[in-house]
Amino acid sequence: MTDVEFLLWVRGPAFDIATIILCAGIVVRLLEIFLMGRKPDFAEPRGSAMAGGMRTVFHRTLPDPGTLKRSSFTIITGWVFHIGLFVIIFLFVPHILVFERALGVGWPGLPSNIVDAVTVVTIIALLAVLIHRLRDPVLRLLSEFNDYLVWAVTTLPVITGWLAFHRVGAAPPALIGIHILSVELLMVLFPFTKLSHAFTLWIARWYNGAIAGYKGIKS
Amino acid sequence: MSGPSFQRGYDALMEQIDAPTAAFFSSCVHCGMCAEACLFFTETGDPKYTPIHKLEPLRKVWKQEYTFWGKLAKSLGISKPLTDQDLTDWETLVYDSCTMCGRCSMVCPVGNDLAYMIRKLREGMAVSGHAPPGLVGATRRAINIGSPMGVKLPALQAQIRSVEADTGLKVPVDVENADYMLLLSSMEIMNFPEFIGAVAKIFDKTGVSWTISSEAFEATNSGIQIGVSDIAAELVQRIVDAAEKLKVKNVISPECGHAYMAIRWEGPNLVGKPFSFKVIHILELLDELRSQGRLKLKDKVDSRLTYHDPCQIGRRGGVMEQPRHLLSELARDFVEMPEAGQMNWCCGAGGGVSSNERADDLRLTAFQRKKSQLDQIKVDGLVSACSNCRIHIEDGLEHYHMDLPVLSLTETLAEHLAD
Amino acid sequence: MKKDQTLGEALRSRGISRRSFLKFCATTASMMALPPSMIPVIAETLEKMRRPSVIWLSFQECTGCTESITRSNSATIEDLIFNVISLDYHHTLQAASGEAAEAARKAAMEENWGKYLVVVDGSIPTGNPGFSTIAGISNVDMLAETVKGAAAIVAVGTCASFGGIPKADPNPTGAVSVSDLVTDKPIINVPGCPPIPVVITGVLVQFLTFGLPELDSLSRPKAFYGQSIHDRCYRRPFYDKGLFAESFDDEGAKKGWCLYKLGCKGPTTYNACATAKWNDGTSFPIEAGHPCLGCSEPDFWDGGGFYKSISTPTGDIGRNAVYAAGAGLLAGAAIGGVLHARKQAAVRKHQRATIDDLGEES
């Protein structure tokens, strides 16, 4: 298989398969959650569950000052790589073109050299996160194979993308092909690992805020 | 099938898992931030006290019963199913080192309500025979005698007589059509009977129509603490029956943390329908009286005071502003602890921990968190609204050789009530 | 021109001045990115050499490669090379035809055995040898026969280098490249559809002067194919800044912004278009406002579309996602239904717990 044939395959059937697994898998995961149901609450409410839920969905993004001090490493590196991933995925023009193809609408991107700098910072943050997970006693107790697998499939696209952009390591069609393949790996694992938190955390936060809001507490 | 068994526990866990639980376990990314929010971890440094780790048995049941791949893995024998040994190993994590204070639920970045899930996990632990002996004893006493501490009606009547003698006021018992029926925790009856006097004084001055029921006066709900909803329901039903028999409009939850959670928020759900009366916390009522201008103080407390939010009343109960309104009237020099309010640190004794003798050492170690909060401010008195917190804080202060009076908000208000 | 004249003698006899000749050598040197000190080396070598024999085989081609060279504006330069080599066989340019032409080919092979250069343009059909024949000889056979005594083979154009347009899906003739059939002789690929004239001549000069040039992984001379269009494109600053033409003739296009969004294959195309340009340095496709097609790369015709960017998936992502979500709804409803039922069964199974169901007391 030549480089170009490989690139055409990852852009073609492989991407179709990955899209299907990602979308179907996420929907199944969401239904697995919702169809478990929830008992109605007969206590007299003090506040609004709906308002509480909506509030926590957004507000939980910001830590309280005490927690920020205590868990500063986790919070800061977490913020850095999440924002980094957001910038790379949604504000880099070649990626915006993919969304344009899927949604029919695109949006302006950042200059590519800025995204390049963000990528380097993101890789550093991801490495820091891994080292922390390997060394911190709490994380060592909690972590299992899945945590490291998810780290790898998240970091691989960032690194291969950086290499493809800088055309380092192999011929450009091969580099782009490997990058897209690594993204497809991420896509197929999304619904079946903790990566699904990208979709389910809004639900978890909503329930948290709703339970609290019913009692008049802002969580 | 009678008696505890692993199967009963497993079935109980299967019943407990719901959509929020599924959302929570789906979202956990193993970030470890819940550990740094839990006083049992911060004061021991032992990773096993990480809240999400405490929930591992529940997570296993969710995974292997309520997810497609988890169920597949279990039926193919690829994954390890939950065993009775797991529950044995987890007993101290679920009971000794957790008060269901809910601080972890406030901190989790993906929004997991871990305390909510601990409550559910206890349902499985208890009926499989894995609850702490101390708590089992308290629960049996609560059902058989009517109080986890074994306080019977004659003991209460003795305290009432003593209070009437001290205050010169009548404590109304079994008065029909009173507006408010007061519940009392055994802790208050036995250790802080001044509370009853304080309430009598205040209600007399403010013209509140109230009563105590001789058939159901116990506020504490051991069923909530041990985590058996059927038992908790039975205890709540006694209160419901008494309230309906006396045809009262409101039931007052006293200065006791879990009592408020039990009657106000879990109560109607335990008995399966809404109450025909309202439930109000004593602090809510006092604040109402204050805002109506009926609660008048003759003077203020001069010494420097701070307030400890009992977890089940504040963060998990929703009564946080009211004590502060009251303290603004009562205290001349009031200062908040660092991280007060809804991020307050638990005293370490709630949720059944103080009934669990096995957990004494751990409880006192965890108390260092509260101590360090107090060390950061120099106060002359600590006010709270939960007698369990109060007794444990006194215990802890003594253990660490700290001299600091611990006051009940209701009692202190009564002391400064205008004539 | 006599066959055993040196190249220098041949040029002088044609009245080409030394100045013109040196200018040609200088141009060639700069094309190969060689320092000025190499110009006398090129000049000396070319001057002394015997006019080498070149046999040009045209197979399944459009003749565009030949047209490209011979129609060039800088006629003296390219014309020069055709006068300094002994082009002993070329369908379009030769005077002879029929038996005489084939005889000339055979004679050139015999007389220069081991030293002649074979130039091929066009792909070779393997589906049925009868698809392309010359004098009744199939392309496959003629190629095999002719390369036997060759010093080297130059595959000119993308068809000869990689199969080109005939090879595009569904490849009805079974077209293959020279490299697919010849494995025992050095091959230099000079792709392009067509290749740039000065690149063709530059490669020939490079071969004649220095022997086999340094080749990349696709056997293309690194001197001319070592950099991508993207790396040398004058519109690169716009790419870096994120300024793209969104459609043909829009504001961005008029301002000369990058054509990446319109499907430019510059990033993955290696050729000298951005530097040497076409029509004697006049312009090249991007400068004219059209995205690069990637015509010097294998499978450029099947590369997912000229107007789709190189990194975009080719399928209908939106439709796939919607169908998958629909399938997920069905599967999820089924699975969720089972879970719900399992939970309800657990609830129905509930046995009321009493204090007798607890563990040991202290």
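Looking only at segment C:270-285, count how many residues are assigned to a loop (DSSP other than H, G, I, E, B) and either among the hydroxyl-bearing types (Ser, Thr, Tyr) or surrounded by 22 or more Cβ atoms within 10 Å (Cβ to Cβ) (or both). Give the steps one after another, and end with the answer.
Within segment C:270-285, the subset assigned to a loop (DSSP other than H, G, I, E, B) is C:271-277, C:279-282, C:284-285.
Those still in the list that are either among the hydroxyl-bearing types (Ser, Thr, Tyr) or surrounded by 22 or more Cβ atoms within 10 Å (Cβ to Cβ) (or both) too: C:271-275, C:282, C:284.
Total satisfying the criteria: 7.
From the list C:107, C:103, C:29, exactly one residue is out of contact with any strand residue (DSSP E or B) (no Cβ under 7 Å at 6 or more places or on another chain), modelled with pLDDT of 75 or more, open to solvent by less than 10 Å² (accessible area, probe 1.4 Å) and of a type in the set (A, V, I, L, M). Which is it?
Numbers: C:107 fails: open to solvent by less than 10 Å² (accessible area, probe 1.4 Å); C:103 fails: open to solvent by less than 10 Å² (accessible area, probe 1.4 Å).
The conditions single out C:29.
Hey, can you tell me all the residues within segment B:190-208 that are without any contact (Cβ under 8 Å) to a residue 40 or more places away in the chain and part of a helix (DSSP H, G or I)?
Looking only at segment B:190-208, we keep the residues that are without any contact (Cβ under 8 Å) to a residue 40 or more places away in the chain, and these are B:193, B:196, B:200, B:203-204.
Matches in segment B:190-208: B:196, B:200, B:203, B:204.
Restricting attention to segment A:148-183, the residues that are more than 22 Å from residue A:86 (Cβ to Cβ) and within 10 Å of chain C (Cβ to nearest Cβ) add up to 8. In segment C:240-260, the residue that is least open to solvent (accessible area, probe 1.4 Å) out of those that are part of a helix (DSSP H, G or I) and over 13 Å from residue C:291 (Cα atoms) is C:252. Every condition in (1) modelled with pLDDT of 95 or more; (2) in contact with a helix residue (DSSP H, G or I) (Cβ under 9 Å, 6 or more places away or on another chain); (3) among the hydrophobic types (A, V, I, L, M, F, W, C) is met by residue B:335 except one, and the failing one is (2).
Can you name the residue in segment C:306-350 that is closer than 28 Å to residue C:179 by Cβ and open to solvent by less than 30 Å² (accessible area, probe 1.4 Å) and, of all such residues, is nearest to the other protein chains (Cβ to nearest Cβ)? So the residue we want is C:311. Filtering segment B:357-381 to residues that are open to solvent by 10 Å² or more (accessible area, probe 1.4 Å) and assigned to a loop (DSSP other than H, G, I, E, B) leaves B:376, B:377, B:378, B:379, B:380.
Residues in segment A:50-76 that are more than 10 Å from every other protein chain (Cβ to nearest Cβ) and open to solvent by less than 30 Å² (accessible area, probe 1.4 Å): A:52 only. For segment B:7-39, filtering for residues that are open to solvent by 20 Å² or more (accessible area, probe 1.4 Å), under 26 Å from the mean Cα position of the chain (by Cα) and without any contact (Cβ under 8 Å) to a residue 40 or more places away in the chain leaves 0.
Taken together, the residues in segment A:9-23 that are surrounded by fewer than 23 Cβ atoms within 10 Å (Cβ to Cβ), under 21 Å from the mean Cα position of the chain (by Cα) and at the interface with another protein chain (Cβ under 7 Å from one of its Cβ atoms) amount to 2. Looking at segment B:306-321, is at least one residue assigned to a helix (DSSP H, G or I) and open to solvent by 10 Å² or more (accessible area, probe 1.4 Å)? The answer is yes, given that some residue of segment B:306-321 is assigned to a helix (DSSP H, G or I) and open to solvent by 10 Å² or more (accessible area, probe 1.4 Å). Looking at B:366, B:385, just one residue is in contact with a Gly (Cβ under 7 Å, 6 or more places away or on another chain) and small (Gly, Ala, Ser), and that residue is B:366. In the condition set (1) more than 30 Å from residue B:264 (Cβ to Cβ); (2) without any contact (Cβ under 8 Å) to a residue 12 or more places away in the chain; (3) at the interface with chain C (Cβ under 9 Å from one of its Cβ atoms), residue A:36 is compliant with all but (1).
Taken together, B:171, B:175 contain a single residue that is under 23 Å from residue B:409 (Cβ atoms) and in a loop (DSSP other than H, G, I, E, B), which is B:171. Only helices (runs of 4 or more DSSP H) whose full extent lies in segment B:5-57 are considered here, and the ones with at least 1 residues that are more than 14 Å from chain C (Cβ to nearest Cβ) are B:19-27, B:39-42, B:51-54. Per the listing C:154, C:198, the residue uniquely crowded, with 24+ Cβ neighbours inside 10 Å and not in a helix (DSSP H, G or I) is C:154.
Yes or no: residue B:211 open to solvent by less than 10 Å² (accessible area, probe 1.4 Å), more than 14 Å from every other protein chain (Cβ to nearest Cβ) and outside any helix (DSSP H, G or I)? Give the steps one after another, and end with the answer.
On the way: open to solvent by less than 10 Å² (accessible area, probe 1.4 Å): yes; more than 14 Å from every other protein chain (Cβ to nearest Cβ): yes; outside any helix (DSSP H, G or I): yes.
So residue B:211 fits the description; yes.
Residues in segment B:251-272: is at least one touching a Pro at 6+ places or on another chain (Cβ under 7 Å), at pLDDT 95 or above and of a type in the set (Phe, Trp, Tyr)? The answer is no; no qualifying residue exists.
Quick one: count up the residues across segment A:160-181 that are under 21 Å from residue A:18 (Cα atoms) and aliphatic (A, V, I, L, M). Number of matching residues: 7.
Among the residues of segment B:214-243, count how many are part of a loop (DSSP other than H, G, I, E, B) and either within 13 Å of another protein chain (Cβ to nearest Cβ) or under 15 Å from the mean Cα position of the chain (by Cα) (or both).
Filtering segment B:214-243 down to residues part of a loop (DSSP other than H, G, I, E, B) leaves B:214-217, B:219-221, B:227-228.
Restricting the remaining residues to those that are either within 13 Å of another protein chain (Cβ to nearest Cβ) or under 15 Å from the mean Cα position of the chain (by Cα) (or both) gives B:219-221, B:227-228.
Residues that pass the stated criteria total 5.
Considering B:81, B:148, B:154, the condition of being part of a loop (DSSP other than H, G, I, E, B) and either surrounded by fewer than 17 Cβ atoms within 10 Å (Cβ to Cβ) or within 14 Å of chain A (Cβ to nearest Cβ) (or both) is satisfied by B:81 alone. Of everything listed in (1) farther than 20 Å from residue A:11 by Cα; (2) open to solvent by less than 60 Å² (accessible area, probe 1.4 Å); (3) away from chain B (no Cβ under 14 Å), the single unmet condition for residue A:191 is (3).
Determine, yes or no, whether residue B:327 is closer than 24 Å to residue B:295 by Cα and in contact (Cβ under 8 Å) with a residue 40 or more places away in the chain. I'd like the intermediate steps shown before the answer.
Values: closer than 24 Å to residue B:295 by Cα: yes; in contact (Cβ under 8 Å) with a residue 40 or more places away in the chain: yes.
Yes.
One residue alone among C:339, C:329, C:358 is under 16 Å from residue B:22 (Cα atoms) and free of Cβ contacts under 8 Å to residues at least 12 places away in the same chain, and that residue is C:339. Checking every residue in segment C:202-211 against the condition of being touching a helix residue (DSSP H, G or I) at 6+ places or on another chain (Cβ under 6 Å) and not in a helix (DSSP H, G or I) gives zero matches.
Annotation: residue A:120 fulfils all but one of (1) in contact (Cβ under 8 Å) with a residue 60 or more places away in the chain; (2) surrounded by fewer than 17 Cβ atoms within 10 Å (Cβ to Cβ); the unmet one is (1).
Where residues in segment B:345-356 are more than 10 Å from chain A (Cβ to nearest Cβ) and assigned to a loop (DSSP other than H, G, I, E, B), which of them is surrounded by the most Cβ atoms within 10 Å (Cβ to Cβ)? The extreme case among them is B:347. Residue pairs whose Cβ atoms lie under 6 Å apart, separated by 6 or more positions or on different chains, with the first residue in segment A:95-117 and more than 7 Å from chain C (Cβ to nearest Cβ) and the second modelled with pLDDT under 90 and assigned to a helix (DSSP H, G or I), are A:106/A:100.
The values are calculated or read from the model by the stated rules, or taken from the named source; none is laboratory data. Computed from a predicted model, the values in this text were never measured in an experiment. Neighbour counts are summed over all protein chains in view; Cβ atoms, including those assigned to glycine, are modelled from backbone coordinates with ideal geometry. Areas reflect the complete protein model, heavy atoms only, side chains present, ligands, DNA and RNA absent. Shrake-Rupley method; radii C 1.70, N 1.55, O 1.52, S 1.80 Å.
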